[in-house]
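Undergrad: Handing you a structure now.
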Amino acid sequence: MKELQKFAYPVFFVVMAVLPHMLDDRWQAVAITFLIFSVVALSQDIILGKSGMFNMGQALFFGMGAYTTAILSNEYGWSIIATIPLAIIIPALFGILLAGPIVHLRGDYLLVVTIGFNIVFVQVLQNNLGGVTGGPNGIFGLDSLSFLGYDLMSQISVYYFAFIVLLLTLWVMHNLAGSKPGRAMHYLREDQLAAESIGINTRVYKIFAFGLGAGIAGLAGTVFAVQYSAVSPEAFEFIQSVLFFSIVLVGGSSVPGVLLGVFVMFVLPEIFREFATWRYFIFGFAMIAAMIMRPRGIWPATFGKIPKFLIKENNHGA
Amino acid sequence: MAHNELILTDVTKRFGGLTAVDALSFKVESGQIYGIIGPNGAGKTTVFNCITGIYKSEEGSVLWRGEEIRGMTPYQIVDRGIVRTFQTIRLFGQMSVAENIMSGRHIKSAQKWWHGIIPTPGKKRDELENWKNVEEQLDFFKLSEFAATPVGSLPYGIQRRVEIARAMAVEPTLLILDEPAAGLNDKETLELLETIFKIRDKGVTVLLIEHDMDMVMEVTDYLTVINFGKKIAEGTPEEIQKNPAVIEAYLGSEDDDDE
Ligand SMILES: Nc1ncnc2c1ncn2[C@@H]1O[C@H](COP(=O)(O)OP(=O)(O)O)[C@@H](O)[C@H]1O
Ligand SMILES: [Mg+2]
């Protein structure tokens, strides 16, 4: 498995890097969707998979990033690139604020609360609170991407924008896995009392996970807004959150698992058009089967790596 | 100021109508191996939970190095040098032995939250230093061969050792062990005794609960015996062995203390 992964990652990156040149417009759009939803699913993985918190509201942070970009661009005339920092920071701050009072809740309670947040968020968008969200229709006709005076209108540029965002996300997750905060998240997910008893302030790291997951989802929101040059409330409904939640659980808390989940959920239906109506049906069965047969997901999490010098001869290692 | 002393005064913890710990007082001095014994359900684990911040006692005081730690959270107490193990082993089961021990380095690591996002040269150094410490613990506890093994798949005796290794990775001043010999065979128990002595030789004070009388008599310097949450005796192992109240409490419960 390890060797396979070593080999598979470069291949995956190379294929993804040349992919848009081999696809027509429609398929480019599908590929972009895959990239965007992969980033959101990975951000959900930080909260649900890595830290074990039952967050059913990830579409909220995704939407918040998308709306931040749309509003700043349309209402205030910012260039898309300039909206990125706020499209990360605003959802991240909201993630932290919302998580603060709820992270001590047990899994099922947390689940219900985050569903509530998501529903409230969509209601706020639909009712055009503050007069900037555009109501049920949302905001459309966004500017295209431009950078250093170059207009990046083509879909290929959007693809590379999305690809860079995915690479950035993978890089952050890699850094997280080999860091004190990343391990703290694993520990609290495995046994919260043991984690506290070894000196970990679990509350801080739970909130951190929410903030980080929300920030990354927000960034994906920017890409989403660019891709469709529009945002509207129904794209961020709670049912979207259910999808992200299920993808992480069924895929398993690992990069291949999550990407596989996104592929099955969002790309396969495009390949087999008839499959589109069947996808919930099939995914529903996949969820049932996976949870019964592989409760840790199809491609389960591998925890943080340990340095080579600790692995001695005659190791009973995995 | 008193150095590395743990002083409990009139600590009382109730669960509903049950007084699990009843006005208990004792004092652990620096460098001791101190034992708490008593029949099952006597309230030993509950006392440990009150010291380590898992429960807050309703009354009394828990002084550590002259500071009141009653009411602090577990991680605040760990930060002050008190680390514990659990009667029912609590490890991070799916993670490797090395990662489990690394969790003990959490509070020693200088990394901040942003190091989880962006690496810096300082973070790299910090990671290496802490993994080096894990390597030392692996050597000390003879766990090197299991470094990469998921801890949940290991036998009980080794899991116990990993749990103590994890606690020692924190570099505690006071190590609290809740029935460390429970579930161990004779050979493993003997190794455990040796380990406890070696830990004390490093300058760590040890407070332990033990059910096995023979082991307690061999390893501890001083003992407190509790029954129904109350202290019934204290003294050196020799004194305790002769104490009629202790013999009575133990004989009276001899048949149900096979846990
Ligand atoms: N969380 C709890 N809730 C209610 N009762 C408890 C709890 N923890 C312990 N007890 C009760 O307190 C008493 C002392 O338990 P414990 O401290 O575990 O005993 P020991 O460790 O000496 O065997 C027992 O009667 C036990 O049932
Ligand atoms: Mg006990």
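The values are calculated or read from the model by the stated rules, or taken from the named source; none is laboratory data. Since this is a predicted model, take the numbers as computed values, not measurements. Here the Cβ is made from the backbone with ideal geometry for all residues, glycine too, and neighbour counts use every protein chain on show. Side chains are part of the model used for accessible areas, which takes the heavy atoms of the whole protein and leaves out ligands, DNA and RNA. Shrake-Rupley method; radii C 1.70, N 1.55, O 1.52, S 1.80 Å.
Undergrad: Taking the Cα centre of chain B as origin, work out the dipole magnitude from +1 charges on Lys and Arg Cβ and -1 charges on Asp and Glu Cβ, in debye rounded to 20.
TA: Numbers: 28 positive and 41 negative charges, 295 e Å.
Roughly 1420 debye for chain B.
Undergrad: Here's something else I'd like to know. Which far-off residues, 5 or more places away or on another chain, put their amide H under 5 Å from the one on A:S253, with H placed in the peptide plane?
TA: Under 5 Å from the amide H of A:S253: A:A301.
Undergrad: Here's a follow-up. For the protein assembly as shown, what is the mean residue ellipticity at 222 nm derived from helices alone (per DSSP H run of n ≥ 4: -39500 (n - 2.57); sum divided by total residues; nearest 500 deg cm²/dmol)? Before the final figure, lay out each step's value.
TA: Numbers: 22 runs with 298 residues, N = 577.
Dividing the helical sum by the residues of the protein assembly as shown leaves -16500 deg cm²/dmol.
Undergrad: List every residue whose amide H lies under 5 Å from the amide H of B:E59, counting only residues 5 or more places away in sequence or on a different chain, with H placed 1.01 Å from N in the peptide plane.
TA: B:T12
Undergrad: Give me the lysines in straight-line cross-link reach of B:K13: C-alpha distance below 28 Å, same-chain residues under 8 apart excluded.
TA: Partners found: B:K27, B:K44, B:K56, B:K230, B:K231.
Undergrad: Rg and Dmax in Å for the protein assembly as shown, alpha carbons only: what are they?
TA: My reading of the Cα-based Rg and Dmax gives 27.9, 92 Å.
Undergrad: Right, another one. To the nearest Å, what is the center-to-center distance of segment A:1-61 and segment A:75-124, using C-alpha atoms only?
TA: 21 Å
Undergrad: Using the Karplus equation 6.51 cos²θ - 1.76 cosθ + 1.60 (θ = phi - 60°), what ³J(HN,Hα) coupling, rounded to whole Hz, does each residue of segment A:234-244 give in order, writing x for Gly and Pro?
TA: 5, 6, 10, 4, 4, 5, 5, 4, 4, 4, 4
Undergrad: Using a 1.4 Å probe on the protein heavy atoms, what percent of the accessible area of the protein assembly as shown belongs to carbon and sulfur?
TA: C and S atoms contribute 62 percent here.
Undergrad: Please report the relative contact order for segment B:94-171, taking Cα pairs under 8 Å with a sequence separation of at least 6, and give it as a percent rounded to a whole number. All intermediate terms of the calculation are to be shown ahead of the outcome.
TA: Values: 77 pairs, mean separation 42.9, N = 78.
That works out to 55 percent.
Undergrad: If you don't mind, there's one more thing I want to ask. If you place +1 on the Cβ of every Lys and Arg, -1 on the Cβ of every Asp and Glu, and leave all else neutral, what size is the dipole of chain A about its Cα centre, to the nearest 20 Debye?
TA: Using Cβ point charges on Lys, Arg, Asp and Glu, chain A gives about 1080 debye.
Undergrad: Next up: To test your reading of the geometry: what angle, between 0 and 90 degrees and rounded to tens, separates the Cα axis of helix B:156-168 from the longest principal axis of chain B?
TA: Its long axis makes an angle of about 70 degrees.
Undergrad: Could I ask something else about it? Averaged per residue, what accessible area in Å² does segment B:94-171 show with a 1.4 Å probe, protein chains only?
TA: Numbers: 3050 Å² over 78 residues.
Accessible surface, normalised per residue, equals 39 Å².
Undergrad: I would also like to ask the following. Over the whole of A:106-113, what's the average partner chain Cβ count within 10 Å per residue? Rounded to a whole number, please.
TA: Details: counts 0, 0, 0, 0, 0, 0, 0, 0.
Per residue, the number of nearby Cβ atoms from other chains is 0 on average.
Undergrad: A:K305: which lysines have alpha carbons under 27 Å from its alpha carbon, excluding same-chain residues fewer than 8 sequence positions away?
TA: Once the sequence-local lysines are set aside, what remains near A:K305 is A:K2, A:K6, A:K50, A:K180, A:K206, B:K108, B:K112, B:K123, B:K124, B:K132, B:K142.
Undergrad: Nearest 100 Å² is fine: what is the total accessible surface buried where chains A and B meet, probe 1.4 Å?
TA: Buried area between the two chains comes out at roughly 3900 Å².
Undergrad: Let me ask you something else. May I ask you to work out the translational diffusion coefficient for segment B:78-121 at 20 °C, viscosity 1.002 mPa s, via Stokes-Einstein with Rh from the Kirkwood sum over Cα pairs, reported in whole µm²/s? Walk me through the numbers before you get to the answer.
TA: Working: Rh = 12.7 Å.
It comes out at roughly 168 µm²/s.
Undergrad: Segment A:182-197: which residues show an accessible-area loss of 20 Å² or more, assembly versus chain alone, 1.4 Å probe?
TA: Buried by 20 Å² or more upon assembly, which counts only protein chains, are A:R183, A:Y187, A:E190, A:D191, A:L193, A:A194, A:E196, A:S197.
Undergrad: Could you tell me how many cubic angstrom of Cα convex hull volume chain A has per residue? The partial results should precede the final answer.
TA: Working: hull volume 48.4 nm³, N = 318.
Output value, Cα hull per residue: 152 Å³.
Undergrad: Let me confirm one metric for peptide B:67-76, namely the mean number of other chain beta-carbon atoms within 10 Å of its residues' beta-carbons. Present the calculation step by step, with values, prior to reporting the outcome.
TA: Working: counts 0, 0, 0, 0, 0, 0, 4, 10, 10, 3.
Going residue by residue through B:67-76 and averaging, the value is 3.
Undergrad: Another question about this same structure. What is the mean number of Cβ atoms from other protein chains located within 10 Å of the Cβ atom of each residue in peptide A:198-207, rounded to a whole number? The partial results should precede the final answer.
TA: Numbers: counts 18, 16, 6, 8, 3, 2, 2, 3, 0, 1.
That average works out to 6.
Undergrad: Something else now. For the Cα atoms of chain B, what angle does the longest principal axis make with the long axis of helix B:186-201, in degrees from 0 to 90, nearest 10?
TA: So the inclination is approximately 80 degrees.
Undergrad: At what distance in angstrom do the alpha carbon centres of segment A:234-256 and segment B:171-213 lie from each other?
TA: Between the Cα centre of segment A:234-256 and that of segment B:171-213, the gap is 46 Å.
Undergrad: Remind me, relative contact order of chain B in percent, using alpha carbon pairs under 8 angstrom and six or more residues apart? Mind dumping the intermediate values first?
TA: Details: 471 pairs, mean separation 71.4, N = 259.
Worked out over chain B, it gives 28 percent.
Undergrad: Give me the accessible area per residue for segment A:12-236, probe 1.4 Å, as a whole number in Å². Let's see the in-between values first.
TA: Working: 8450 Å² over 225 residues.
For segment A:12-236, the per-residue accessible area is 38 Å².
Undergrad: What is the local net charge at B:V28, summed over the other residues whose Cβ is closer than 12 Å to its Cβ (Lys, Arg +1; Asp, Glu -1)?
TA: -2
Undergrad: Here's something else I'd like to know. So what is log10(I(q)/I(0)) for segment B:94-171 at q = 0.16, 0.20 1/Å, when the Debye sum runs over its Cα atoms only?
TA: Reported log10 I(q)/I(0), two decimals: -0.57, -0.81.
Undergrad: Based on alpha-carbon centroids, what's the gap between segment B:1-38 and segment B:94-114 in Å, whole number please?
TA: 30 Å
Undergrad: Considering Cα pairs under 8 angstrom that are at least six residues apart, work out the relative contact order of chain A and quote it in whole percent. Before the final figure, lay out each step's value.
TA: Numbers: 477 pairs, mean separation 96.4, N = 318.
This gives 30 percent for chain A.
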